[in-house]
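Values quoted throughout were computed directly from the atomic coordinates according to the rules given, and no laboratory measurement underlies them. As the structure is a prediction and not an experimental result, all values here were calculated from the model. Cβ placement follows ideal geometry from the backbone for every residue including glycine, while neighbour counts extend to all protein chains displayed.
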Amino acid sequence: MMTEKDVKRVVVITGGSRGIGRAIALRMAGPGTRICFNYSAPDSTDAEETTDLIAKVGGSAWSTRVDVASQADVQGFFNNILEDSGRVDVLVNNAGITIDALLVRMKEAAWDRVLAINLKGAFNCMQAVAKAMMKQRSGRIINIVSVVGVTGNAGQANYCASKAGLIGLTKTAARELAPRGITVNAVAPGFIDTSMTVDLPQKAKEAMLAQVPLKRMGRPEDVAEVAAFLASDMASYITGQVIHVNGGMYM
Ligand code: NAP
């Protein structure tokens, strides 16, 4: 059991209960690191499973249900972490959803919800953590965007706009926070095997795979490796970048 004294690094991950967020949590977990993550489902068994997996690698985890779209709830989440641990070394804005429809058929609610979680959610977390990182004069912020935020994708106007917006937010925060020793980068996954893509029709999957030179879907771990690198000392001179992890589907 890790005591407060043993905690050397605090990593916060939004949407850490499954998929890419869970892979990032497991990749960064270990002795000396406290992983704090949130999720949105009530009574999430995924969150419990992630916590157990983190414990198995000798790490410690704390998680709670938070809708990242709510600024008040996000503030409360970070207040808890800062009261307990006194610092945040790494923030990974990973929580994201899709509600797909063609532009002409997209409902206002689908536009608003996707933007609220994917873009405003990341803003809420960055704003909540920035002051603490500025005081520390150190910090790493990693935003999970998407290849389609750069290329566009039919049927995903809301999602692509949210991810393109998050790239702009990443670059702006990188400029604003660099003088305080904080780096801000984005990781843009391509076509990754998680529950977000599992329900795509077989034809859509085949069409997507046909565009991937490496001829396979990405694994959540492929993305987690890059996030871990950006959070490490090896990446201290990298900021404001979008790192693509997509098997070559966009070059
Ligand atoms: P996923 O398997 O659907 O997992 C999404 C995670 O976000 C879950 O932990 C979920 O928690 C959490 N979440 C959803 N809404 C939330 C909210 N309002 N507040 C807090 N947490 C919330 O998705 P994924 O495929 O791992 O995607 C992770 C990130 O990668 C997303 O930003 C996504 O856009 C991006 N991405 C994915 C792909 C891909 O091909 N999979 C490609 C490019 C980019 P609950 O389970 O409790 O709802």
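Worth pointing out:
- Distant-in-sequence amide H partners of Cys36 (H built 1.01 Å from N, under 5 Å): Val11, Val12, Ile13, Trp62
- Highest average packing first - 2-15, 25-38, Cβ atoms within 10 Å: 25-38, 2-15
- Mean ellipticity per residue at 222 nm, deg cm²/dmol - from DSSP H runs of n ≥ 4 across the chain, formula -39500 (n - 2.57): -13500 deg cm²/dmol
- The string of couplings for segment 47-59 from the Karplus curve (6.51, -1.76, 1.60, θ = phi - 60°) is 5, 4, 4, 4, 4, 5, 5, 5, 4, 5, 9, x, x Hz, one whole number per residue in order, with x for Gly and Pro.
- Among Ser85, Ser63, Ser17, residue whose mean-square fluctuation peaks in a GNM of the chain (springs only between Cα atoms under 10 Å): Ser85
- Whole-angstrom gap from segment 87-113 to segment 136-211, using each part's C-alpha centre: 11
- Computed from backbone phi, the HN-Hα couplings of segment 208-222 come to 5, 4, 4, 8, 9, x, 7, 6, 8, 5, x, 9, x, 5, 4 Hz, rounded to whole numbers (Karplus: 6.51 cos²θ - 1.76 cosθ + 1.60, θ = phi - 60°; Gly and Pro given as x).
- A simple rule links phi to the HN-Hα coupling: the Karplus curve 6.51 cos²θ - 1.76 cosθ + 1.60 with θ = phi - 60°, which for segment 173-180 gives 5, 4, 5, 5, 9, 4, x, 9 Hz, with x for Gly and Pro.
- In this structure, the amide hydrogen of Ile192, modeled 1.01 Å from its nitrogen in the peptide plane, lies closer than 5 angstrom to those of Gly218, counting only residues at least 5 positions away or on a different chain.
- Tilt relative to the chain, helix 19-28 - C-alpha long axis, 0 to 90 degrees, to 10: 30
- Scattering from segment 143-186 was approximated by placing one identical point on each alpha carbon and applying the Debye formula without solvent; log10 I(q)/I(0) at 0.15, 0.24, 0.27 1/Å stands at -0.39, -0.73, -0.84.
- Summarising the amide proton neighbourhood of Ile141: residues at separation of 5 or more, or on other chains, whose placed amide H is nearer than 5 Å comprise Leu91, Thr183, Val184, Asn185.
- Fluctuation leader among Arg105, Arg22, Arg219 - the chain, Gaussian network, Cα springs under 10 angstrom: Arg105
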